[in-house]
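The structure appears right after this line, and notes come after that.
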Amino acid sequence: MTITANDIQELVDFLPIFYVPEFQPIEKWNFKNPDGTSIAPYPIYTESVEHFFRLASKSCWFVSVSKRFDSKILEDGKFINNASLKEIKIMLDYFLRAERYCDGFWASLIKDGTICALLERLKEIKKEYR
């Protein structure tokens, strides 16, 4: 499925939400089952975070990747600033999957500015779609 300018805009629309310094992506951490037994804690994300990642998991953002994503490249802020649309798709796929193995991963991506940088890059790429 081809990515449209609207698909990009759906994600870019989250910039003003995620850029607010006091934005808290996690509503609370859940530590117990409904019956009161303790469980491994996991985050309850705000609706905006859940909605963002639902949109990012649409089929148009899916990319079949044969090699693993090296998360160390995210340490270089310049990588996202120059990422291609395909590289952004790969990053989004990695971000979606990583939450399964690291509870709170999405929150860390929002708090450290990674998601905002990715959305800023998408905003630049979207200009090519006009």
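Just so you know, in the stretch 1-43 the residues that are aliphatic (A, V, I, L, M) and farther than 28 Å from Trp61 by Cβ include one that is surrounded by the fewest Cβ atoms within 10 Å (Cβ to Cβ), and it is Ala40. Restricting to the stretch 94-108, and then to whatever is surrounded by fewer than 14 Cβ atoms within 10 Å (Cβ to Cβ) and within 19 Å of Val63 (Cα to Cα), can you tell me which residue is farthest from the chain's Cα centre (by Cα)? Looking at the filtered set, the residue picked out is Arg100.
So that you can scan it fast, the table gives a plain yes or no per residue for (1) within 26 Å of Pro43 (Cβ to Cβ); (2) part of a helix (DSSP H, G or I); (3) more than 10 Å from the chain's Cα centre (by Cα); (4) modelled with pLDDT of 90 or more:
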{"residue": "Cys60", "(1), (2), (3), (4)": "no, yes, yes, yes"}
{"residue": "Ile110", "(1), (2), (3), (4)": "yes, yes, no, yes"}
{"residue": "Leu122", "(1), (2), (3), (4)": "yes, yes, yes, yes"}
{"residue": "Lys126", "(1), (2), (3), (4)": "no, yes, yes, yes"}
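Looking across the stretch 18-32, the residues that are closer than 11 Å to Ile110 by Cα and either in a strand (DSSP E or B) or at pLDDT below 95 (or both) come down to Tyr19, Val20, Pro21, Ile26.
The values are calculated or read from the model by the stated rules, or taken from the named source; none is laboratory data. Just so you know, these numbers come straight off a predicted model, no measurement behind them. A quick note on method: Cβ atoms are made from the backbone with ideal geometry, for glycine too, and the neighbour counts reach across all protein chains shown.
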